[in-house]
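To start, the structure itself, in structure tokens.
The values are calculated or read from the model by the stated rules, or taken from the named source; none is laboratory data. Keep in mind that what you see is a predicted model, and the values were worked out from it rather than measured. Here Cβ is always computed from backbone atoms with ideal geometry, including for glycine, and neighbour counts include all displayed protein chains.
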Amino acid sequence: MNYQEIIDRIEQEVQQETHRGKAANYIPALALQDLGKFGMAVHTIDGQDFVVGRAEESFSIQSIAKVFTLSMAMQQFDELVWKRVGKEPSGTRFNSLVQLEYESGIPRNPFMNAGALVITDMILKNSENLKNDLLSFVRGLSDNQYIAYNEEVARSEKETGYRNVALANFIKSFGNLNNKPEDVLDVYFHQCSLQMSCLDLSRAFIYLANRGFSTFCHKQVLNPRQTKRLNSILLTSGLYDAVGDFAYRVGLPGKSGVGGGIVAIIPGQLAVSAWSPGLNESGNSVLALKALELFTTYTGISVF
């Protein structure tokens with residue numbers, strides 16, 4: 001299949017879209033992004049790369065980073081992860097406090113902000129410097145030693161992240177946060193500020209398309225059972241409260257971030273990512289969502 005021809009065609013089509021959404025203006029450092037930017041990258045399990053547009057331009061990956069921290073937690077704790085966080089779709093906004101009250105501080109899934117805070121708390125316990133460990137993990141998966149935190153974005157998140165502060169303290173009140181909330185939040189704000197490109201993300205995520213083995217960096221990241229389970233949660237919870245729409249339109253396990261990126265997995269074949277900063281009401285990139293819908297349409301491949 002000629003993936004380059006397909007993504008070239010997709011770029012031409014999405015650039016004709018007049019509705020491009022809005023940037024994540026509640027994070028000041030992301031508010032003024034150029035909505036005309038678009039990039040897309042494919043990395044196959046046999047090591048081929050296909051790129052188009054601004055696929056090698058770094059951007060703030062935001063909630064996509066939750067996949068990396070969850071992978072680290074599964075490496076360390078395996079099934080014990082699910083003692084402290086659920087694995088069900090939320091049906092509420094990604095930063096909602098509503099469900100925590102009647103579910104006694106157990107977040108519905110690890111990709112909600114509350115769930116990601118608990119996951120961060122778990123791996124913080126076994127690390128002397130989690131920010132450095134996370135950076136090393138991501139750099140290793142993508143084989144890019146230039147990946148870094150955007151300190152301006154991290155500072156912007158900290159200065160305006162009142163709801164995340166509330167979530168951390170609320171979870172702490174239920175006894176489901178072991179470290180100090182401020183220490184968990186510091187790591188959380190930094191993981192959201194990770195700067196990566198579409199190409200970096202497609203390469204880094206390839207282990208999820210290959211039973212946990214990264215054909216790019218040649219290491220077993222997760223075992224096949226863990227990989228299957230992580231992908232299932234991506235399918236049911238990876239796109240905030242719009243997972244049904246994503247499954248309907250795209251039909252792949254995927255994860256989005258309010259920086260405008262979306263990564264998706266075709267098991268046994270490839271990882272594909274797309275990026276454009278304009279978001280819809282659910283916090284997902286308008287153009288990236290369209291691009292991935294066209295990708296599964298033109299390739300004829302989905303998990304369904």
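What the table below lists for this structure:
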quantity: Members of segment 171-186 that are outside any helix (DSSP H, G or I) and over 30 Å from Leu30 (Cα atoms); calculated: Phe174, Gly175, Asn176, Asn178
quantity: Check on Lys255, of a type in the set (Lys, Arg) and crowded, with 24+ Cβ neighbours inside 10 Å; calculated: yes
quantity: Residue list for segment 110-121, restricted to those being touching a Ser or Thr at 6+ places or on another chain (Cβ under 7 Å) and either of a type in the set (A, V, I, L, M, F, W, C) or surrounded by fewer than 21 Cβ atoms within 10 Å (Cβ to Cβ) (or both); calculated: Phe111, Met112, Ala116, Ile119
quantity: Residues of segment 187-220 satisfying the condition of being without any contact (Cβ under 8 Å) to a residue 40 or more places away in the chain and either part of a helix (DSSP H, G or I) or crowded, with 23+ Cβ neighbours inside 10 Å (or both); calculated: Phe189
quantity: Search result, residues across segment 267-291 that are assigned to a loop (DSSP other than H, G, I, E, B) and within 19 Å of Ala204 (Cβ to Cβ); calculated: Pro267, Gly268, Gln269
quantity: Enumeration of residues in segment 151-164 that are surrounded by fewer than 13 Cβ atoms within 10 Å (Cβ to Cβ) and either of a type outside the set (D, E, K, R) or at positive phi (or both); calculated: Tyr162
quantity: Considering residues of segment 122-150 that are closer than 18 Å to Glu57 by Cβ and among the hydroxyl-bearing types (Ser, Thr, Tyr) only, the residue surrounded by the fewest Cβ atoms within 10 Å (Cβ to Cβ); calculated: Tyr146
quantity: Qualifying residue in segment 273-292 (condition: more than 28 Å from Tyr26 (Cβ to Cβ) and either surrounded by fewer than 24 Cβ atoms within 10 Å (Cβ to Cβ) or without any contact (Cβ under 8 Å) to a residue 60 or more places away in the chain (or both)); calculated: no
quantity: Condition check for Leu80: farther than 21 Å from Ala264 by Cβ, surrounded by fewer than 22 Cβ atoms within 10 Å (Cβ to Cβ), at pLDDT 95 or above and more than 17 Å from the chain's Cα centre (by Cα); calculated: yes
quantity: Close pairs from segment 94-107: first at pLDDT below 80 and surrounded by 16 or more Cβ atoms within 10 Å (Cβ to Cβ), partner basic (Lys, Arg) and outside any loop (DSSP other than H, G, I, E, B), Cβ under 7 Å, at least 6 apart; calculated: Asn95/Arg163
quantity: Conditions (1) farther than 27 Å from Pro89 by Cα; (2) in a loop (DSSP other than H, G, I, E, B); (3) charged (D, E, K, R): number failed by Arg155; calculated: (2)
